[in-house]
Amino acid sequence: MAVRNGVAFSLVSLALTSLVFASIANAQPGVNINPFCVKALDKAFCSEVVKPADTWQEAITEVLSETIMQAKMAEPIMANLLTTLPSTLDAKFKDNIGLACRKSYEDVLDLLKEVEEALKTGDKTKVANIKLSSAYTRLEDCADEFSKTQMPAEFSTFYEGSKKLLSTCLAVERTRPDII
């Protein structure tokens, strides 16, 4: 009986130790993690974006609004994209990058607006996650176009910001109270 209790105690100790180390690894000093951001890769960023939110609906609306604003900024950035690509690149390749990235960002914006509408109506079919995942994939499609050249710095910064916001949107969406 003592051996059995010792094994049980060891297993419980091991489980608790693992939880403590996991929480330490994910902790960011000086940052209060918003409960809607527990699944975010960058918890501090997510917490800052959804800071004023008290409910899941407010949190998802906040981060979705930020993500939509970011996607809308794509148009002027796309206009400059082709001029920032190396002059040594084939004109057709440049055009393909421009067209593909413009289409990707248009699709992202359309998908985000669909998510916004779905959430306004209660998203009974829980389509928001699928649409957000699709938007993330469409964003990646643009990055794939840069297989033969480096993404220009200004565009790379914009792309990374878009990716971070979409990832944060997905993380907040995944904390939805009725699907946890």
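The values are calculated or read from the model by the stated rules, or taken from the named source; none is laboratory data. Predicted, not measured: the structure shown is a model, and the values here were computed from it. Quick note on the areas: whole protein, heavy atoms, side chains included, nothing else; ligands and nucleic acids left out. Shrake-Rupley method; radii C 1.70, N 1.55, O 1.52, S 1.80 Å.
Counting heavy atoms of the protein chains only and a 1.4 Å probe, report the per residue accessible area for the range 43-174 as a whole number of Å².
Per-residue accessible area for the range 43-174 comes out at 51 Å².
Using heavy-atom solvent-accessible surface (probe 1.4 Å) with all chains present, what is the largest-first order of VAL115, VAL49?
VAL49, VAL115
Tell me, what % of the accessible area of the range 43-174 is carbon and sulfur with a 1.4 angstrom probe?
Carbon-and-sulfur percentage of accessible area, whole number: 53.
Heavy atoms of the protein only, probe of 1.4 Å, neighbouring chains included. What is the accessible area of LEU109 in Å², nearest 10?
Taking all protein chains as shown, LEU109 has close to 30 Å².
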